Amino acid sequence: MINILSAILILAGVFFYLAGSIGLLRLPDLYSRLHALTKADNLGLGLLIAGLALHSQDLLIMLKLLLIWLAVLAASATSAHLIARQAHRQEKVS
Amino acid sequence: MNPVSLLVFDALLLLSIVGLAWASLATSDIRRGVILFMAFGLVLAVAWGRLLAPDVALAEAAIGAGLSGALLLAAAHTQPRPLPPESTNTPRNHGAVGVVLRWAVTLLCTALAGTLAWALLHVFSSTPHDMLPGAISANLAASGVSNPVTAVLLNFRAYDTLLEMAVLLTAVLGIFTLGQANPGYQPAGPVFDGLVRWLVPVLILTAGYLLWVGAHAPGGAFQAGAMLAAAGVVLRLAGRTRIGLPEGFMLRLVMAAGVGLFLLVGLTLLILGRPFLGYPQAWAGTLILMIETAAMLSIAATLVLAFLGGRPEATGVKAAANRQCEEIPRC
Amino acid sequence: MLTTQVLYALAGCVIVALGLRGALLHASLLQRIVAINVMGAGVFLLLIAVAYRGPGLAPDPVPHALVLTGIVVAVSATALALALARRLHAEQGDD
């Protein structure tokens, strides 16, 4: 039962990663691509980690996975902000 | 675990690794090549996990992909973009000699790969000699730690690790002789600064944890040193002037601490009548932890100085006074 | 002869060849440094594939220690090479 639930969560996470990658390849400009990548990948990672946490059934591992998700969330949000800000500045100059 | 699904996983992983390696070397845009190289390093870390090498996976992700990537990316950004046509290797008319040379080199490399593969298959199909792993697990209890990789690095093959610390020191001295550090970065905006404020303490804590846990779980001095170096690099990227590196004499002391403590322990043991770096069993754990701490600080300082790219510009009151002295001839 | 070992070792051979080809043929110094790093990664893949002894047994720790040392030495060598390249660029105006 737990295995089925965790498999569903992991598959949902993979679907979001797929959506983010398709967005990276198909969307027209930098900002929309950043948007797709950050939002979809963070949610995908969250679902993946939820599935893994459910599968592991160990509190310490669940806490570590949660910390990983929070750290990746903060880092990816900051880097997306930096990339977008730099692109915006270069557009203003040129 | 279903062997067929493992095979499929292995095949997909290896395909992405080889594909990323090929893609990173096939582009003419150096920045794209470096970023693909970083991705290659990260997927390689997954392969290390698959091959039951968690210590190596930690080190690869932190040093091989992270720090190497940061170094290469910082260097790639000094190149003009786009590259002028003379220095790319996109297919164009070299003339007959150029094409022949390229094909000759490709053939040579394929022959090398084939020879390596043949030799390896020969090794794999012969009866395995399990002497070394058996000897290590037999002596693990006497080594002072319970993580076999740490035992090999800091006890059974401690001499190699001593020489490696010496190689690190040599590299950073070479970097020092080549010039001043790269110019710093502009001060970070509020978002990046906010991230740095809590990321750096977490990195330092994680480094301490990895150093401690390396005795009985994947971890150790190298991974901990890489975490500390990451903290220094992040501070540098956020435009801070003080990035945790000591200055002047203290910096030289920290740089030499890895080799220095190793040599001190070895020579003391030699004076006491034991073999060089032959720890007495009761003291082995403590000595290993001491040496690992010094090594961690040394590795961190070396990697941050490597990212800086040269002699660090001095900050602080004493340095400002020195600078003033340079401007006035008689001082 | 484990299938996993063979697969990863063959991939390691291919990556070594790719890296060597890149190191010999690229014109720009920076791309050659990346190629040498890729070659190093291929060698590490070979070593760790040799150390793998199967899903049940603990792997051989000596190649793991070798690769750990190798990763750190590779990054310091890369840093020295990049400092040299930067100085070369400053002195000659090209690479």
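The values are calculated or read from the model by the stated rules, or taken from the named source; none is laboratory data. Treat the numbers as computed from the prediction; the structure is a model and nothing was measured. Glycine gets a Cβ as well: all are built from the backbone with ideal geometry, and neighbour counts include every protein chain shown.
The residues listed here are C:74, C:79; of these, the one that is over 24 Å from residue B:133 (Cβ atoms) and either more than 7 Å from every other protein chain (Cβ to nearest Cβ) or of a type in the set (D, E, K, R) (or both) is C:74. The single residue among C:16, C:73 that is touching a residue at least 12 places away in the same chain (Cβ under 8 Å) and assigned to a helix (DSSP H, G or I) turns out to be C:16. Among the candidates B:21, B:26, B:76, which residue alone is without any contact (Cβ under 8 Å) to a residue 24 or more places away in the chain, under 22 Å from residue C:82 (Cα atoms) and within 7 Å of chain C (Cβ to nearest Cβ)? Going through B:21, B:26, B:76 in turn, just one is without any contact (Cβ under 8 Å) to a residue 24 or more places away in the chain, under 22 Å from residue C:82 (Cα atoms) and within 7 Å of chain C (Cβ to nearest Cβ): B:21. Scanning the stretch C:22-32 for residues that are within 7 Å of chain B (Cβ to nearest Cβ), crowded, with 20+ Cβ neighbours inside 10 Å and in a helix (DSSP H, G or I) returns C:22, C:30, C:31.
Test residue C:36 against the stated conditions and say whether it is in contact (Cβ under 8 Å) with a residue 12 or more places away in the chain, surrounded by 24 or more Cβ atoms within 10 Å (Cβ to Cβ), hydrophobic (A, V, I, L, M, F, W, C) and part of a helix (DSSP H, G or I). Here the answer is no, as residue C:36 does not meet what is asked. Has the stretch C:44-60 got at least one residue that is within 7 Å of chain B (Cβ to nearest Cβ), under 30 Å from residue B:99 (Cα atoms) and crowded, with 24+ Cβ neighbours inside 10 Å? No, the conditions are met nowhere in the stretch C:44-60. Of everything in the stretch B:178-193 that's at the interface with another protein chain (Cβ under 9 Å from one of its Cβ atoms) and in a helix (DSSP H, G or I), which residue is surrounded by the most Cβ atoms within 10 Å (Cβ to Cβ)? Only one residue tops the list, namely B:192.
Within the stretch B:138-161, restricting attention to residues that are of a type in the set (Ser, Thr, Tyr) and surrounded by 14 or more Cβ atoms within 10 Å (Cβ to Cβ), the residue that is farthest from the other protein chains (Cβ to nearest Cβ) is B:143.
Within the stretch B:162-173, identify whether any single residue is more than 19 Å from the chain's Cα centre (by Cα) and either surrounded by fewer than 20 Cβ atoms within 10 Å (Cβ to Cβ) or of a type in the set (Val, Ile, Thr) (or both), and answer yes or no. Checked against the condition, which is being more than 19 Å from the chain's Cα centre (by Cα) and either surrounded by fewer than 20 Cβ atoms within 10 Å (Cβ to Cβ) or of a type in the set (Val, Ile, Thr) (or both), the stretch B:162-173 yields no hits at all. Report yes if some residue within the stretch A:14-25 is in a helix (DSSP H, G or I), closer than 26 Å to residue B:206 by Cβ and of a type in the set (Val, Ile, Thr); otherwise report no. No, the stretch A:14-25 has no match at all. The single residue among C:59, C:63 that is free of Cβ contacts under 8 Å to residues at least 40 places away in the same chain, more than 17 Å from residue B:70 (Cα to Cα) and outside any helix (DSSP H, G or I) turns out to be C:59. Only one entry of B:58, B:71, B:52, B:36 meets the criterion of being outside the structural domain of residue B:218 (by TED's automatic domain parsing), at pLDDT 90 or above and closer than 22 Å to residue B:19 by Cα, and that entry is B:36. Residues in the stretch A:46-94 that are among the polar types (S, T, N, Q) and assigned to a helix (DSSP H, G or I): A:56, A:76, A:78, A:79, A:86, A:90. Criterion applied to C:83, C:77 was being out of contact with any Asp or Glu (no Cβ under 8 Å at 6 or more places or on another chain), over 29 Å from residue B:99 (Cβ atoms) and surrounded by 24 or more Cβ atoms within 10 Å (Cβ to Cβ), and the one residue passing it is C:83.
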